[in-house]
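Novice: Please read through the structure below; I'll follow up with questions.
Read-outs throughout are calculated quantities, based only on the coordinates presented, and are distinct from any laboratory measurement. A quick note: this is a predicted structure, and the numbers were derived from the prediction, not measured. Positions of Cβ are backbone-derived with ideal geometry, glycine not excepted, and every protein chain shown enters the neighbour counts.
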Amino acid sequence: MKKVLVMLAWLASVTVNLLAVEKFARPNIVFLFADDLGIEGINCYGSDRFKDKTPNIVALAKTGIRFERAYSAPLCGPSRCQIMTGRYGFRTGGVNNQAAHIPSFEDEPSLAKTLKQAGYAAGMAGKWRQMGESPGDWGFDARNDGWKLNQGGEVFDMSDSPFIEQPVAADAQNAAAKAARPQLQAVLDQLNPAAGKTAPEPDPAAKKAKRKAKRAAAKE
């Protein structure tokens, strides 16, 4: 009887350990890709200018993986091609922004499809227009690739790829744009409570007039 109890206890221990391994075998992956953003713009990489302004990204860094050494292309289009395919731009043809549409899901491996083979669901939101075909072609299940919301609260139609961002008037009767706005706003609010709610930057003429007024006041 004692041997049976010991065996049952051992089997229970093994089962618990296997369940624990299964639970953590596929951790959630949140990959944030931003244009014109360097390590100086994020607090977890030592930025003093943006200290305490990216709290959720800092929290992700504390509980996830923070890269300190990585290879990156100097342009957004080739960078997207490399991330999507896992291959250098000179191998896929996506060597600059104008050529970023050349790599095809029919010829290249796909990050999303590879993750799905490992049991993941894959989704994307935001800028896509430089890549060829659609996010669905590359294996993403859920996506919002047609619209962009900036920090000034402006919505842009991103469907005219590869390089046109068409602003959508605030009073435009566009059902799709209206539906996309709260979804994108929710993403901005989660990434940074202040994002998407800041006032738009003053126009260049107003800034120039302000500088001129300051110079005139200094002369007096």
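Novice: Test of understanding: what is the full-extension gain from E40 to A169, defined as 0.36 nm times their sequence separation minus their Cα-Cα distance?
Specialist: Length gained between E40 and A169: 43.1 nm.
Novice: Would you mind getting me the FRET efficiency between F33 and K212? Use the beta-carbon distance for r and R0 = 41 Å, nearest 0.05.
Specialist: Numbers: r = 39 Å, r/R0 = 0.96.
That pair, F33 with K212, gives E of 0.55.
Novice: Follow-up question, since we're still on this one. Can you give me the Cα centroid spacing of region 47-71 and region 79-132 in angstrom?
Specialist: Between the Cα centres of region 47-71 and region 79-132 lies a distance of 24 Å.
Novice: How long is the gain from N150 to R91 if the chain were fully straight, where each residue apart is worth 0.36 nm and the alpha carbon distance is subtracted?
Specialist: Once the chain is fully extended between N150 and R91, it gains 17.9 nm.
Novice: So, counting K/R as plus one and D/E as minus one, what does the shell of residues with Cβ under 10 Å around N43 add up to?
Specialist: Once positives and negatives cancel, what remains is +1.
Novice: For a protection proxy built on the mean count of beta-carbon atoms within 10 angstrom, sort 110-121, 93-104 highest first, please.
Specialist: Going by the mean number of other Cβ atoms within 10 Å, highest first, we get 93-104, 110-121.
Novice: To continue, here is another question. Using the Karplus curve 6.51 cos²θ - 1.76 cosθ + 1.60 with θ = phi - 60°, work out ³J(HN,Hα) for each residue of region 173-183 in order, rounded to whole Hz, and write x for Gly and Pro.
Specialist: The phi angles translate into 8, 10, 4, 5, 5, 5, 6, 6, 4, x, 5 Hz.
Novice: While we're looking at this one, here's another question. Net charge near T92: determine it from the other residues with C-beta under 14 Å of the C-beta of T92, scoring Lys and Arg +1 and Asp and Glu -1.
Specialist: Charge balance near T92 sits at -1.
Novice: Take A176 and S47, extend 7 Å from each Cα along the Cα→Cβ direction, and tell me the distance between the two endpoints in nm.
Specialist: 3.2
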